[in-house]
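> Right, I'll just put the structure down here and ask away after.
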Amino acid sequence: MNKKNQLPLAGVRVADFGQQIAGPAVAMVLADLGATVVRIDPPQGPSWQHPANAILNRNKSCLKLDLKTQAGLDQALEIIENVDVIIESFRPGVMQRLGIDFSALRQQRPDLITLSIPGFASNDELRRDWKATEAVVAATSGAYTDMGFNRVLMGVNPSFSPLPLGSSYATSLAASSVVLALFEREKTGRGDQIEVPVTAALMEGLSYNSYVIDQLPERYKTMRELEIEHRKANNIEMDLTYQDLQEYLDPFYRTYVCADGRMFYCVCPSHRNHAKRALQALGIYEELMAEGLPDVKDLHMPSAEWEGETSIGVYPLPKKWADIISAKMKKAFLQKTSDEWGVIFGEGQIPGAPHRTTQEWVNNEYSNESGLIVEVNDPEFGTMKQPGPIAWLENEAEAMLTPAPRKEVSFTAALDELHQALEADTSTRPKGDAIHAATGEAWLKDLRILDLTNVIAGPHSTAFMARFGAKVTKLDPVTPLYDPLIGTLFTFQTGVGKQSALVDITTEEGREVFNKLVKNVDMVVINAPDRQMLPLGLDQDSLLAINPDVLFCRLDCFGAPRNGSKKNYIGYDDIIQANSGIMSRFGRPETPEEHAHLGTLDVNCGFAAGLGMAVSLFHQQKTGKVSRSRTSLSAVTNLAQLPFAFDYEGRAPFDEPSGREALGNNALSHFYPTSDGWIFLDSNLGEIDQLEQIEGLQEIKAAQDKASFISQSLQKAPTSYWVDVFIAADIAAAKPMAIEDLREENSRIADKTVGINRGSFAFSIYPDHPSGHCITQIDQYAIRPTESKVIAVTPTEAFGHSTKQVLAELGYSEKEIESMLTRKIAGLGWGKEFLPS
């Protein structure tokens, strides 16, 4: 049997009209999962001429059609007649003007699923017609202005990053939405018309950088935040050097030089066991204990009630202890090479990894043996190392690791492939007159999820599912593992739309509660390494013995389609940023720097897990088979670095823009000062004639040093003038916005609606948040179906708030529940306050 026919999306047919990254990448993800994809390009080929097209178009049949001719349009419409899904990523209205009207098509074929991925939302009257390149979206969304505490203290603003984060988030979100629509269609026969604006996807991806907690207690402020406040209050210039900045970093959350002169990133804050193991591995734990390092037993008590000034396992540490511990850790790391420490930390269940470049990541033995990187015999580049899949099903992933290279086909050949896919489709969904009428209900209204996750990526995945109506029960231990910064503060984003219960599942009675929950849900989700599955009873045999229909999803750090040497290494977003080259690019290899956006990979890992869950649901609905979906931080880092994460013989140097001085890709795609601020111009040599027509830039073609010429020219007028001039000329340009300003302009008191109708930006203010603080956060508004509902999720409830309700729903009496609470088998909270002071 053809391996592709065994994959979960086998039989699904897709027409890919997308350009740039996001649209083609969604189709790539669907093709990786088994869909038959016909890609339609204009006669001159893709608008983005880049080697990464070999990645984006693998597993696809590529066809060139001129939609501006009647013959080309007729052929495109015939392709559309033979597909289940259409994808496009133009500005709103372009496809309709070309003669392909999604609304009209769906009136004729209600089973059709259409996906639009515009740069800005179609209902964003101000920006919808802008040329929304990756950089324009990033600049407009605050991604180049709010680049973190490091850049603020170093006085670097604006900053530039070549990572296509907007497209990366949009890819995972949009692919998930298509599969969820396929799942719904399998039940009702009815498709949907979906929009996922890249800007909204980016804002959701940066959600941890845009939410605000009024009157945040001082204990949560890092040394960097306190230094920023001090400098602002005393009018001191932000001028720290990179070297000076290191002394404002927590010892368990910073880079260290090793014996080989290379860097190692230690990420052990907020977890008592991780910090202790790190100090023990470094040989300095007993020494620090002897010097009086405090060890507070209950970090969730108000800090005024602690028996010590700080504690191992708390983040951030006060400067006194941070300096003491950092000094000892610096000396200890110099005793071994970065690779040696990588093994010690990995095998010792300690979060940390060596800094490496993307070139090293792509060619790393583990990346290749595990399927994080795959080889494709591309017709242009030959044997090419490419990113592996971003989500997969256990026991079915092997077929995804030998992608077919892109191939040019004729119109007839493309149609033949679609006909063959239809013949292989085993779907029994309602068709014709049996298709259900639209109900306006949410895609996952009957789904029940048991959430065993923690930190960001895992709980973000289940919060993502809640917007579509899933009932999520968040089960946590009675005694917390993390300090309140990670254990509580982050949950204001990850805990939305869930009911919280605290149960000790390591006890016999707690295990009985767990088993009853598994019997009563459709999906179990956890973020953990492979070694924990059997002891936790989360291996396939154990779960199916309790509930033979239950689905399972797992996220982890180094996980991959194939098991490899690092499958049990634990870690966080930052570790994969360091190990896969993101930090070496952002700060340069000799001065690596965390990509400023908190959750850069974590959030997208959550979205990719949502994709995996959607695939499992669709696969079960279609075939009756139970599956275990997977993703990892290591898988999604490849998506974030798609323009760079590849290699082949003769490849151009890995010399993409990097470091604090980088302000763009080249002279025509770059930040420039104006008379009153900054502007990002994102043009190219193909637009040089258009640029020459602009007053003040008439000599640009003849200018030998185009960067100097543009810089001098643009400083003669304000940013707003140049933005209007460039937009009028249909040239991509934008003012770098601050997230603070976007939040101020686009916030409203939470009104139990999702901001889908509010354009590209929408924040909700919760003055009566369960935490006792007023909180402002971005809406879950990026996925916008036409016929299905997206629900305004409830704010995060306090830990254990629903423990009694959950236990009662499982059949426990009031007396039994009180007994479990008394004996700490169950709990109603982690401390006196939801967010401890």
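> Give the residue that is farthest from Y572 (Cα to Cα), with candidates limited to residues of segment 304-321 that are of a type in the set (G, A, S) and surrounded by fewer than 18 Cβ atoms within 10 Å (Cβ to Cβ).
Looking at the filtered set, the residue picked out is A304.
> Out of segment 766-791, which residues are hydrophobic (A, V, I, L, M, F, W, C) and closer than 30 Å to W678 by Cα?
Hits for segment 766-791 are I778, A782.
> Follow-up. Tell me, which strands (runs of 3 or more DSSP E) lie completely within segment 1-92 with 2 or more residues that are under 25 Å from the mean Cα position of the chain (by Cα)?
Because the criterion is at least 2 residues that are under 25 Å from the mean Cα position of the chain (by Cα), the strands (runs of 3 or more DSSP E) in segment 1-92 that meet it are 13-16, 85-88.
> Regarding segment 497-506, can at least one residue be identified that is within 24 Å of the chain's Cα centre (by Cα), assigned to a loop (DSSP other than H, G, I, E, B), surrounded by 21 or more Cβ atoms within 10 Å (Cβ to Cβ) and modelled with pLDDT of 95 or more?
For segment 497-506, residues within 24 Å of the chain's Cα centre (by Cα), assigned to a loop (DSSP other than H, G, I, E, B), surrounded by 21 or more Cβ atoms within 10 Å (Cβ to Cβ) and modelled with pLDDT of 95 or more: present.
> Does S159 fit the bill of being of a type in the set (G, A, S) and farther than 30 Å from A614 by Cα?
Considered against the rule, which asks whether it is of a type in the set (G, A, S) and farther than 30 Å from A614 by Cα, S159 comes out as yes.
> Just one of (1) free of Cβ contacts under 8 Å to residues at least 40 places away in the same chain; (2) closer than 20 Å to V14 by Cβ trips up D425, so point out which.
Condition not satisfied by D425: (1).
> Let me ask another. Quick one: which residue in P269, P294 is outside any helix (DSSP H, G or I), open to solvent by less than 50 Å² (accessible area, probe 1.4 Å) and farther than 29 Å from H595 by Cα?
Exactly one of P269, P294 is outside any helix (DSSP H, G or I), open to solvent by less than 50 Å² (accessible area, probe 1.4 Å) and farther than 29 Å from H595 by Cα, namely P294.
> Could you grab me the full set of residues in segment 491-512 that are more than 28 Å from I213 (Cβ to Cβ) and among the small types (G, A, S)?
The one that is more than 28 Å from I213 (Cβ to Cβ) and among the small types (G, A, S): G510.
> A further question follows. So for segment 793-806 (the condition being closer than 23 Å to N123 by Cβ and of a type outside the set (D, E, K, R)), does at least one residue qualify?
Within segment 793-806, one or more residues are closer than 23 Å to N123 by Cβ and of a type outside the set (D, E, K, R).
> In segment 297-314, what count of residues is obtained for those that are within 35 Å of the chain's Cα centre (by Cα) and part of a loop (DSSP other than H, G, I, E, B)?
11
> Taking segment 458-486, which residues are open to solvent by less than 10 Å² (accessible area, probe 1.4 Å), within 21 Å of L299 (Cα to Cα) and in a helix (DSSP H, G or I)?
P484
> Evaluate segment 774-796: report whether one residue or more is free of Cβ contacts under 8 Å to residues at least 40 places away in the same chain, touching a strand residue (DSSP E or B) at 6+ places or on another chain (Cβ under 6 Å), under 30 Å from L115 (Cα atoms) and not basic (K, R).
For segment 774-796, residues free of Cβ contacts under 8 Å to residues at least 40 places away in the same chain, touching a strand residue (DSSP E or B) at 6+ places or on another chain (Cβ under 6 Å), under 30 Å from L115 (Cα atoms) and not basic (K, R): present.
> Shifting gears a bit: S771: of a type in the set (S, T, Y), open to solvent by less than 30 Å² (accessible area, probe 1.4 Å), assigned to a loop (DSSP other than H, G, I, E, B) and more than 22 Å from S176 (Cβ to Cβ), yes or no?
So S771 passes the test.
> Just to verify a result, which residue in segment 179-225, among those that are small (G, A, S) and touching a strand residue (DSSP E or B) at 6+ places or on another chain (Cβ under 7 Å), is nearest to T145 (Cα to Cα)?
For segment 179-225, the residue satisfying everything is S210.
> Let me ask something additional. Is there any pair linking a residue in segment 594-617 that is within 22 Å of G142 (Cα to Cα) and touching a residue at least 60 places away in the same chain (Cβ under 8 Å) to one that is surrounded by fewer than 24 Cβ atoms within 10 Å (Cβ to Cβ) and among the small types (G, A, S), with Cβ under 6 Å and at least six apart or on different chains, and which?
A596/G148
> Quick check, is K622 within 30 Å of N547 (Cβ to Cβ) and more than 23 Å from the chain's Cα centre (by Cα)?
Here the answer is yes, as K622 does meet what is asked.
> Can you find even one residue in segment 162-174 that is touching a Leu at 6+ places or on another chain (Cβ under 9 Å), more than 30 Å from L245 (Cβ to Cβ) and of a type in the set (F, W, Y)?
Scanning segment 162-174 turns up no residue that is touching a Leu at 6+ places or on another chain (Cβ under 9 Å), more than 30 Å from L245 (Cβ to Cβ) and of a type in the set (F, W, Y).
> When the residues of segment 779-837 are narrowed to those that are assigned to a loop (DSSP other than H, G, I, E, B) and charged (D, E, K, R), which ends up least open to solvent (accessible area, probe 1.4 Å)?
Taking the candidates together, the pick is D779.
> Continuing with the same structure: State which residue pairs qualify: first residue closer than 20 Å to L807 by Cβ and inside segment 521-535, second residue of a type in the set (S, T, Y) in any location, beta carbons under 8 Å apart, and separation of 6 or more residues or different chains.
V521/T473
> Of all helices (runs of 4 or more DSSP H) completely enclosed by segment 509-628, which ones contain at least 1 residues that are open to solvent by less than 10 Å² (accessible area, probe 1.4 Å) and within 25 Å of S167 (Cβ to Cβ)?
573-580, 582-587, 602-623
> Right, here's the next one. Identify, by number, the condition in (1) closer than 20 Å to Q777 by Cα; (2) surrounded by fewer than 21 Cβ atoms within 10 Å (Cβ to Cβ); (3) of a type in the set (A, V, I, L, M) that V156 doesn't meet.
Unmet for V156, out of (1) closer than 20 Å to Q777 by Cα; (2) surrounded by fewer than 21 Cβ atoms within 10 Å (Cβ to Cβ); (3) of a type in the set (A, V, I, L, M): (1).
> Moving on to the next point. Considering only residues that are open to solvent by 10 Å² or more (accessible area, probe 1.4 Å) and acidic (D, E), look in segment 48-94 and name the one that is nearest to S116 (Cα to Cα).
So the residue we want is E88.
The values are calculated or read from the model by the stated rules, or taken from the named source; none is laboratory data. Owing to the predicted nature of the structure, the values given are computational and were not obtained by experimental measurement. Backbone-built Cβ (ideal geometry, glycine too); neighbour counts: all protein chains shown. Ligands, DNA and RNA are excluded from the accessible area calculation, which covers all protein heavy atoms including side chains. Shrake-Rupley method; radii C 1.70, N 1.55, O 1.52, S 1.80 Å.
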